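Right, one structure below, let's go through it.
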Amino acid sequence: MAADSMEIDDSLYSRQRYVLGDSAMHQMAQSSVFLSGMGGLGIEIAKNIVLAGVKAVTLHDTKHCETWDLGSNFFIRTDDVLSQRKRVETVCPRVAELNPYVHVDMSSSALGDSTDLSFLSKYQCVIMTEARLSLQKRVNEFCHSQQPPIKFIGCDSYGICVRVFCDFGEEFEVFDPTGEEPKEIFIQSITQDSPGVVMCMDNLPHGLQTGQSVVFREVNGMVELNGTAREVSVLSPHSFAIGDTSQLQPYAHGGFFVLVKTKTFTFETIERQLNDPQVLTPDFSKPEAPLQIHAAMLALDTFQDQHSRLPNIGCLQDAEVLLKLTEEVNATLRNKAPVNAELVRCLSRTAMGTLPPLAAAVGGLASQEALKAITGKFAPLQQWFYLDAIEVVRPLQSLAAEEFLPRGDRYDGLRACIGESMCLELHKLRVFMVGCGAIGCEMLKNFALLGVGLAKSSGVVCITDPDLIEKSNLNRQFLFRPHHIQKPKSTTAAEATHDINPDLNVDAHLNKVCPATENIYSDSFYTRLNLVVTALDNVEARRYVDSRCLSNLRPLLDSGTMGTKGHTEIIVPNLTESYNSHRDPPEEEIPFCTLKSFPSVIEHTIQWARDKFENAFVHKPCVYSLFWQTHSSAEAVLQRMQAGQSLEGSFQVIKLLSRRPSQWEQCIAIARLKFEKYFKRKAMQLLYSFPLDTRLKDGSLFWQSPKRPPAPIDFDLKDSFAARLFAGIYNIPYSEKDLSKEAVSRILSDVKIPEYRPSEKCIETDETVKKPEQTKMPQSSEEEREAITQLEQAIVADRVTPDNLQMRPLQFEKDDDANGHMDFVTSASSLRARMYSIEPADRLKTKRIAGKIIPAIATATAAVAGLVALELIKVVGGYEFESFKNCFFNLAIPVVVLTEPGASVPSVNNIFFSIWDCWTIFGHEDFTLSDLMNAVREKYGIEPTMVVHGVKMLYVPVMPGHSKRLKLTMQKLIQPSVDRRYVDLTVSFAPEADGDEDLPGPPVRYYFTRATNTS
């Protein structure tokens, strides 16, 4: 993004724009950040904020590269250590490579208690890492005192403990605290009273809090409210008071309200916050932890002041000194919790060390706070965030001190935390990671720093991704650079990971992981693995990988992000539930009649436009081409229709053939007539069928919220949007000259618009009615006669040529601005919105909704990958169930919630089993589905109700024709490949209580013969 022109490079920033919005992006492009400390935490923050696209970053550091740094800073190489380069000189050009729009410079000047801080005045945000608390206090006081205040963030990482502190000044205004799209809530009634009470339509929850403000729009009767903001006082989940409305006109009907999002936050300096800290609680199973870490880390600051060093690794004496200091510090605090001696001792033992995944997780959060500081987008952290990884080191406390001592290699920092034995286990690990996108890149970085899968230890990191690198990937997938565009993600990521740690053994594939590749990713492949990591962007792929891990008893580490939200899920054999143990509720569909006739919000008009594109330019051309591929000739089709045969899709296909254009002028005419149909006649027909004064049986108006009466739109030349798409599907050439305003106007002047005659057809108003399938709609005898006549005429006129029996379906591509696809959807949606008096959406919002784009930002990606990598250490160590943590976070609010995974609970139905069990049935060539169900009943004591193979339902009693399948052999039903010896099936059984859903049993491995060799 060029700061001068303020033009946003959508090809790079598109996914992030949907998270932050253009206002915040422009604000970032004018902001400068000072970042001190180029250790593991500092480099994480540098990466994230440069990828985000601030104007300038100054990297500050005074240290030289050491071997130790290779295990925490992914931009330092062995050569840098050998040549004793300064850390900041080493990383600066590598950080700058991440984003050509960001100016990255460096400073290695001393920054201490006597430094003149006036040089910081040119920055909008200052971030301190690896700085003593006394210096942080001094810099914070300077920043707080400026007008306007310079936003200050202090970050520290010591072994298993991290902290983040934010001070954005005494009055920090946020224009969007949540980032959620403000919902338009329709109004049922407003009383004329003091106070006036607003009731939401259909008792829908308003989601408001007392003290917030709302703006009213389109209210009839009490029109004085429109455009005004009123502070609310919540009365119930679906009602609230808005102050005195007694002097306003009586409420009639309609209208909606929208939340006003602006909010002001107040901050104090570190000095004022120390004794009574305002903390975020991430883990409610240990609510006192943040205050306990606060006291312990303040004591650690005191220890450094007194001894000019950190506690020595594994030194019991230092640990007791730190514990005593913690008790003294804790006694002075106003807001405090009991001292946690175990935590303090673990902090003392590991303080000199580093856990790279912990730095990645907190680096993601701290980076998001920096972006909030300079944009005012999202609610800031108030004011401290503390996190510990005591569960990682708790089982290791009994190990000998020698385990943790440095050995002069890149893993010394990690070794200080988890010991030599665990490091060796990580080196031997055999990992399979599916996906090399944003999360995949971050995970590979973590693997490199942790030493996961080293060649010399017979370890391996096998990765696979079929995708090529696109420019928009560069905003989050930090292992890729512009010269990598159109290269495979997996092999490119493997090379970049090798640069971070040359000892890593990365085996890169270009395959999808799906049933079609089970010959590659077979059961024997999975049994050679220690664990599987998913870095995927869709649920179905996750479900498939989960089923493979389940049947092969392999741990699975899953994570995902959407915008600033992230989740991690840890799946461990015989301990936790699996990914498939729970399912998200299906997305709410927009009712068919709402889309077709009664849109009320912009999402409805965008979906309508997207459906129109799909129907006209994808579905119809596909049906057309397939029909003529299926039937040998037009004459044969005519004979069959004349004989009274019903051919699916024939009516629609013949209609397209009879109206098929052959010239550019006809494409213009089709587009003009479509405009007339959708944006003028549709409105006229609706108002004919339901005049504005139409009333329902209860006497209320038909046209009241959320129904909006349409208004016909007269054609304007700028609205001619579809002609070139019609030319595309009919393979009709046109030139740039043909697209000129003059040429199009000349053609349009000859287009005859038939006179409008209202129809008496019924317009659907029932929201429960589904969209009928066009090709399967019954045809009247009149329609059949018309189709036969049209086909006869086409044959006689010699229009049935091979070229005319083909159409070229388009494939909706949202990211190609030259193809006209988004032009069509944006224009069609805006016209429909205008017709229904709905506020239109800009192209960016339309693209997000129509393209179902998942918003993404590097901060959230870094955080989830870090949290997953922490759990990986626990899996490798074989830790108990209580050690594992799933996480959900939303960096926007901000909230971080750590919870125990769902336990693998044995099911009870007079028998005991868990999802991790595997039942086996041996069959033979003539073994039928009925035999299988009998065998399961006899061997395992359950009554099978349903049998599923992958996504194919083999037997569901309610499905038509499925009862006949009971007599079919398993060979015929599954049709295995020649070398396939068995398949894994899901067999469900009847629940204990009537009305409950059927219960899935564990995987049933069915062998086609008695031979048990695996496939």
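Computed in the context of the full set of protein chains, the accessible area of the chain at 1.4 Å probe radius has 50% of its extent on carbon or sulfur. Ranking Ile670, Tyr526, Phe447 by how far each Cα lies toward the positive end of the dipole of the chain (charges on Cβ) leaves Ile670 at the top. With the convex hull drawn around the C-alpha atoms of the range 261-386, the volume per residue stands at 132 Å³. The spread of Cα positions in the chain, taken along each principal axis and listed from longest to shortest, comes to 99, 84, 60 Å.
Placing unit charges on the Cβ atoms of the charged side chains and taking the dipole of the chain about its Cα centre, the candidate lying farthest along the positive direction among Ala723, Leu365, Asn473 is Ala723.
The packing ranking of peptides 150-159, 253-262, 733-742, highest mean first, is 150-159, 253-262, 733-742, where packing means the average number of other beta carbon atoms within 10 angstrom of each residue. Overall, the range 382-534 carries a charge dipole of about 340 debye about its Cα centre when +1 sits on the Cβ of Lys and Arg and -1 on the Cβ of Asp and Glu, all other atoms neutral.
Considering Cα pairs under 8 angstrom that are at least six residues apart, work out the relative contact order of the range 268-386 and quote it in whole percent.
Relative contact order for the range 268-386 comes out at 36 percent.
Less than 5 angstrom separates the built amide H of Val57 from those of Val33, His103, Val104, Asp105, all sequence-distant by 5 or more or on a different chain. Sorting 137-144, 324-331 by average packing, meaning the other beta carbons within 10 Å per residue, from highest down gives 137-144, 324-331. Taking packing as the residue-averaged number of other Cβ atoms within 10 angstrom, the listed peptides 660-672, 958-970 run from highest to lowest as 660-672, 958-970.
Our coupling estimate for the range 212-217, obtained by passing each phi through the Karplus curve with A = 6.51, B = -1.76, C = 1.60 and θ = phi - 60°, is 6, 10, 10, 10, 9, 9 Hz, Gly and Pro reported as x. Straight-distance candidates among the aspartates and glutamates for linking to Lys972, with alpha-carbon spacing under 19 Å and chain neighbours fewer than 8 residues away dropped: Glu925, Asp926, Asp931, Asp984. Comparing Ser904, Leu929, Val864 along the charge dipole axis of the chain, the residue lying farthest to the positive side is Leu929, per the Cβ-charge model. Can you tell me the orientation of helix 316-332 relative to the chain, as the angle in degrees between its alpha-carbon axis and the longest Cα principal axis, to the nearest 10? Roughly 70 degrees, rounded to the nearest 10.
Its Cα gyration tensor gives the range 582-717 an equivalent ellipsoid; the semi-axes, largest first and in whole Å, are 36, 21, 17. Its residues counted as N, the range 170-287 yields a C-alpha radius of gyration over 2.2 N^0.38 Å of 1.35.
The alpha-carbon positions of the range 12-113 define a convex hull whose volume is 109 Å³ per residue.
Treat every Asp and Glu Cβ in the range 756-849 as -1 and every Lys and Arg Cβ as +1, leave all other atoms uncharged, and give the resulting dipole magnitude about the Cα centre to the nearest 20 debye.
380
Take every Cα pair under 8 Å whose residues are at least 6 apart in sequence, average their separation, divide by the length of the range 631-743, and the relative contact order is 30 percent.
So what is the accessible area of the range 769-888 per residue, in Å², with the probe set to 1.4 Å?
48
Volume per residue of the convex hull around the Cα atoms, evaluated for the range 851-892, comes out as 98 Å³. Taking amide H as placed 1.01 Å from N in the peptide plane, the amide H of Leu531 sits under 5 Å from that of Arg430, Phe432, each at least 5 places away or on another chain. Grouping the Cα pair distances of the range 470-564 into 10 Å bins from zero gives a pair-distance distribution of 13, 38, 37, 11, 0 percent in increasing distance order. Below 27 Å, Cα to Cα, which lysines can Lys752 reach? Residues fewer than 8 away in the same chain don't count. Once the sequence-local lysines are set aside, what remains near Lys752 is Lys596, Lys612, Lys620, Lys655, Lys674, Lys677, Lys680, Lys682, Lys718, Lys737, Lys741, Lys761.
Taking the alpha-carbon distance from Lys512 and a cut-off under 16 Å, which lysines remain once sequence neighbours fewer than 8 residues away in the same chain are dropped? Leaving aside lysines fewer than 8 places away in the same chain, those within reach of Lys512 are Lys489.
Rounded to whole numbers, the Karplus 3J(HN,Hα) couplings from phi for the range 621-635 are x, 5, 4, 4, 5, 5, 4, 6, 6, 6, 9, 5, 7, 5, 5 Hz, using 6.51 cos²θ - 1.76 cosθ + 1.60 with θ = phi - 60°, and x at Gly and Pro. Quick one: compute the contact order of the chain, relative version, from alpha carbon pairs under 8 angstrom and 6+ residues apart, as a percent. Relative CO of the chain lands at 12 percent.
Here the 3J(HN,Hα) profile of the range 930-936, calculated from phi with Karplus coefficients 6.51, -1.76 and 1.60 at θ = phi - 60°, is 5, 4, 4, 5, 5, 5, 5 Hz, Gly and Pro shown as x. Taken about its Cα centre, the chain carries a charge dipole of about 2080 debye when Lys and Arg each add +1 at the Cβ and Asp and Glu each add -1 at the Cβ. Ellipsoid semi-axes for the range 231-290, based on the Cα gyration tensor and the rule √(5λ), read 42, 17, 11 Å when sorted largest first.
How much of the DSSP beta bridge set in the chain is antiparallel, as a percent to the nearest 5?
Within the chain, antiparallel bridges account for around 65 percent of the total.
All C-alpha pair distances within the range 78-121, sorted into 10 Å bins from zero, spread as 22, 36, 33, 8 percent across the bins.
The values are calculated or read from the model by the stated rules, or taken from the named source; none is laboratory data. Keep in mind that this is a model prediction, so the values were computed, not measured. Positions of Cβ are backbone-derived with ideal geometry, glycine not excepted, and every protein chain shown enters the neighbour counts. Keep in mind that these areas ignore ligands, DNA and RNA; they rest on the heavy atoms of the full protein, side chains included. Shrake-Rupley method; radii C 1.70, N 1.55, O 1.52, S 1.80 Å.
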